[in-house]
Each structure stands twice: as structure tokens, then as C-alpha cells.
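Everything on this sheet refers to the single structure shown next.
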Amino acid sequence: MVETLERLVSKEEISTFHNEGAVRIRGALSQEWLDILAEGFDQAVASPGKFSKSYGPEGAPRYYTDHRLFNRFEPFRRFLFDGPLGGIAAEILGAARVDLYDEHLLIKEPGAPAPTYWHHDMPYFSIEGYDLASIWLALDPTREHTGALKFAKGSHKWGKLYQPIKIGENKPVDSFNRDDLIATVPDIDNNPDKYPTVLLETDPGDIVIFHGLTLHSSSGNSSEDTTRRALSLRMAGDDILWKNRSDAPLIFDQTLNDGEPLRMISNECPQVWPQTS
């Protein structure tokens, strides 16, 4: 287990992550970090990147996403390299080194109807291995009706990869054609005895950490006045290597050969633990 000067995660939280696939950590971020992130969100919304997209019916409040933030906006750079999340990921994964795979902005405006349907992240990514954790946080209180995340407990240990679905549509991504993918996610919501779930609502400062294979979902945002401003950092531990997949969304300017480590494109997948500055 990686050691730090000050423990950031309890043994119980680490156990919950590995056994259930997702854990909430209360009060992990200070108000200072939240203020820095809020500044970054304002900048990102004002200057959309080439990977930004909006989902949902035309003319409806937006479910808006963007990627590649740290190399465009100083607040995200400070948060990524000087904040606590790299160390938290290292403790959760038991990793000697942690690299960022993806940095994902997810905003559901008040009234945004588009839900996030049941899926897990790994099939969307050009990587392979086990040591992948997403650290998800919101600047606003999240409740079930505003888009708090729900997880299928233990689904990261089912030994299956499910076919990705189109965001906001609940339709399979047609271009995915891999033998290792199961056709569709099971009907989790209507079979609670077979597929127990946990809803992890958060307040500002809380974080949720979940495995790259853990199935998760969230509702649209039915609030009339609360935006759900969320950020998900996909943290890669020791055994994560590049795996070219023609059907994976391309969010990088560079690619690698199969089996190469992410540090070979460190300008896009930088080391976040140990901290180098």
C-alpha cells in the first residue's frame, strides 16, 4: 500500500471501494479548492473545447460535457497537480504511480431531461488493466432528482464488459463490435433483489470514487434552480496500459501502441502522483 505523510482515505473506505465498487468520502475538498474549481467551470463554459458536446432534446436545458481542461485553464491545472485527488487515488488503488487518463466536465442544467443511463466506463476507453478509478465531484448539492450517481454494488467484479450506449439516448453505440462485450446492461432498476444498488448523494466538498468497471447511472436534473456542475477524473494506476480500439471515442491528439504506458503521452495523460512540483 502506498504511504503518504497524512492518510487521506480510511481503511474502511478503501475496503468499500474494492468490495462494492464505489465509495463516498465526505468533506475531502476544502472551500478553497471548490472556489478554484468554480472559477475553472466558468472559464470552461465560456470557452468550449473541441471535444465539448451537448445532449438531450434540441432547445431543452443542456446536459453539457467537455474534456481536456488542465491544459486549457489554470484553475483545473492547479487542482489537478496541487490538489489532493492524486494522493487519494493512489491510496484507493494501492498504486505507486497515478496518471490521469481523462478529465471530464459534466453539467446538467436545471430542467435538463437527459439521464445518464446504466453503463460502465472502461469500454469507452483506449486502455486495459484493472487499476482504474474515477473520482467524481460536484460543486452543487446532488440529490436523486438533480443527478446524483447510483451504482450497482459489486458490478465491477461481474467479469463482464457491457456495450456502451449513446449518452442521453439509451441506444447501443452502433460502431462497437467487439467479441468481449455483452449486448446490453441487465435491467438493474426493475430487479433490485438481483442487482442491489446504492445512491451516493453529495454535498460540496464530498467526492465519489468508483471503479472503471462499476455500472452506474443518474437521472436528469428536474430541479428548477440547481445546476449540477460535476467533474470526473479518471485515474490510472500501476497496471493500466494503452489498448487501441477503433470504436473508442477519440479524446486525444496522440495515440500509443498496444501495451505502452500512458506516461509516453505525458502532455495528455500527466502523472498526478507522486506530485512532481
Mean shadow area of segment 36-189 over all directions, Cα convex hull, nm²: 10.5
Expected-Rg normalisation [2.2 N^0.38 Å, Cα atoms] applied to segment 1-125: 1.20
Choose one of Trp273, Thr116, Tyr64: the residue whose Cα lies farthest towards the positive end of the charge dipole of the chain (beta-carbon charges +1 Lys, Arg; -1 Asp, Glu; about the Cα centre). Thr116
For a distance above 15 Å, tell me the whole-number percent of Cα pairs in segment 27-66 that qualify. 56
Share (percent) of C-alpha pair distances in segment 59-129 greater than 15 Å works out to 69
Counting other Cβ atoms within 10 Å, keep those with at most 10, restrict to DSSP loop, and tell me which GluC sites (Glu not before Pro) in segment 1-76 are left. Glu3, Glu6, Glu58
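Based on alpha-carbon atoms only, what is the radius of gyration of the chain relative to the globular estimate 2.2 N^0.38 Å? If you can, show how the numbers build up before the last one.
Working: Rg = 17.5 Å, N = 277, 2.2 N^0.38 = 18.6 Å.
Cα Rg divided by the expected 2.2 N^0.38 Å: 0.94.
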So for segment 140-277, using the alpha carbon gyration tensor with a ≥ b ≥ c as root eigenvalues (a/c under 1.5 gives rounded; past that, a/b versus b/c decides prolate or oblate), I'd call it oblate
Average silhouette area of segment 4-73, convex hull of alpha-carbon atoms, in square nanometres: 7.7
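Readers should treat all values here as calculations from the given coordinates under stated rules, not as data from a laboratory. This is a predicted model, so every value here is computed, not measured. Reconstructed Cβ throughout: ideal geometry from the backbone, glycine too, with neighbour counts over all protein chains shown.
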